[in-house]
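Reviewing the structure listed below.
The values are calculated or read from the model by the stated rules, or taken from the named source; none is laboratory data. What you see is a predicted model; the values in this text were computed from it and never measured. All Cβ positions, glycine included, derive from the backbone under ideal geometry; neighbour counts span all protein chains shown.
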Amino acid sequence: MPRRRTRNLIRALVGAALCSGLIIFVAAPVPEDLPTVALRQPGLYRLELALISFYSGLLLVTPAISGLIDGRLPIEISTRGARFAEEANGTAKEEEEAIRALEATTSELAQALTDAQAEIERLNGLTNEDSTQREVNSKR
């Protein structure tokens, strides 16, 4: 149940970040001397401000609030999102278990292949023997 609440809170924060971006897009004052990053276009300037607001909410505020709820902060924040320490360690453990399972399966398949090759050789040995019938003397 706490995970559901956290997810709902994160969804609400993403919605709030989107709304703040839209509000900034509509209500942001445009300076008379626009920066060159905006290519001297007021619409592009407002869009850039809205994107800065939205992505700062996604990349900084959302992981921080989520970390405060869970009692841990992210170890890395990148364009892919926040990465927490337990998730990184859990992933390594899961990969090690998967590798062990694959190694066991490979060993089983190698043994089955060896057994199949031995059976094929045994069957080849049976077919190489003389399988003709003896001549029957029917003139008695």
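Annotations
- Close pairs from region 61-83: first of a type in the set (S, T, N, Q), partner loosely packed, with under 15 Cβ neighbours inside 10 Å, Cβ under 8 Å, at least 6 apart: Ser66/Thr6; Ser66/Leu9
- Taking region 59-82 as the range and being in a helix (DSSP H, G or I), out of contact with any strand residue (DSSP E or B) (no Cβ under 8 Å at 6 or more places or on another chain) and of a type in the set (A, V, I, L, M) as the test, the residues that pass are Val61, Ala64, Ile65, Leu68, Ile69.
- Boolean, Ala27 is out of contact with any helix residue (DSSP H, G or I) (no Cβ under 7 Å at 6 or more places or on another chain), small (Gly, Ala, Ser), in the same structural domain as Ile10 (by TED's automatic domain parsing) and more than 30 Å from Arg5 (Cα to Cα): yes
- Among the residues making up region 1-53, a single one is closer than 21 Å to Thr79 by Cβ and of a type in the set (Lys, Arg): Arg11.
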